[in-house]
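Trainee: What follows is a single structure, and I will ask about it in a moment.
The values are calculated or read from the model by the stated rules, or taken from the named source; none is laboratory data. The shown structure was predicted, so the numbers you read here are calculated from the model rather than taken from an experiment. No Cβ is skipped: glycine too gets one built from the backbone with ideal geometry, and neighbour counts run over all protein chains shown.
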Amino acid sequence: MIRKRRQRSKQIEISSLIDILFILLIFLMVSVRFSESYTYSEFNLPKSEAQIVGDSKNEIKISISKLSEFFLNGRPIEKMDLINYIAAEVKVEESPTVILEVDSESKFGDFFEITNALKEKSIENVQIATRR
């Protein structure tokens, strides 16, 4: 008796693979968090009883985190770039309001360098953000 061997197909069945890839693609699209245009850091601000509500017109917000990360209007920036920005871009005649948001655990040297750059530029309207 001669047995006939069934010839196996030399092609790979990919229809099930396509289904699995499609499911993985949907899963990744749903689970990926889309990046924001700026980074937000949580600051541990010092407490104060006084409350000053400033004019939001022509306002510059400078933030320093406890890890010596610097932010200009909510966007990360290097310290030297921030100092150069203050020296070159900030115009005294526009009388900007500078809000310093400094973490209570940050280095005093970082705070000093920024305030020194503001002093050299003769910017007088500087507010230090606190929490109530």
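Trainee: Count, please, the residues in the range 88-111 that happen to be acidic (Asp, Glu) and either part of a strand (DSSP E or B) or closer than 17 Å to Ser65 by Cα (or both).
Mentor: Residues meeting the conditions: 4.
Trainee: Also, I was wondering about something else. Looking at the range 59-81, which of its residues are over 10 Å from the mean Cα position of the chain (by Cα) and in a strand (DSSP E or B)?
Mentor: Correct list: Glu59, Ile60, Lys61, Ile62, Ser63, Ile64.
Trainee: A further question on this structure: Return the residues of the range 82-116 that are under 16 Å from the mean Cα position of the chain (by Cα) and free of Cβ contacts under 8 Å to residues at least 60 places away in the same chain; say none if nothing qualifies.
Mentor: Once the filter is applied, which keeps residues that are under 16 Å from the mean Cα position of the chain (by Cα) and free of Cβ contacts under 8 Å to residues at least 60 places away in the same chain, the range 82-116 yields Leu82, Glu101, Val102.
Trainee: What's the number of the only condition in (1) surrounded by 15 or more Cβ atoms within 10 Å (Cβ to Cβ); (2) modelled with pLDDT of 75 or more; (3) assigned to a loop (DSSP other than H, G, I, E, B) that Ile114 fails to meet?
Mentor: Condition (3) is where Ile114 drops out.
Trainee: Moving on to the next point. Between Val98, Val102, Val90, which is more than 15 Å from Ser63 (Cβ to Cβ) and surrounded by 11 or more Cβ atoms within 10 Å (Cβ to Cβ)?
Mentor: Numbers: Val98 fails: more than 15 Å from Ser63 (Cβ to Cβ); Val102 fails: more than 15 Å from Ser63 (Cβ to Cβ).
Matching residue, one of Val98, Val102, Val90: Val90.
Trainee: Could you check, for the range 117-125, whether at least one of its residues is in a loop (DSSP other than H, G, I, E, B), under 24 Å from the mean Cα position of the chain (by Cα) and loosely packed, with under 15 Cβ neighbours inside 10 Å?
Mentor: Restricting attention to the range 117-125, the residues satisfying the condition of being in a loop (DSSP other than H, G, I, E, B) are 121-125.
So of that shortlist, the ones also under 24 Å from the mean Cα position of the chain (by Cα) come out as none.
No, because not a single residue in the range 117-125 is in a loop (DSSP other than H, G, I, E, B), under 24 Å from the mean Cα position of the chain (by Cα) and loosely packed, with under 15 Cβ neighbours inside 10 Å.
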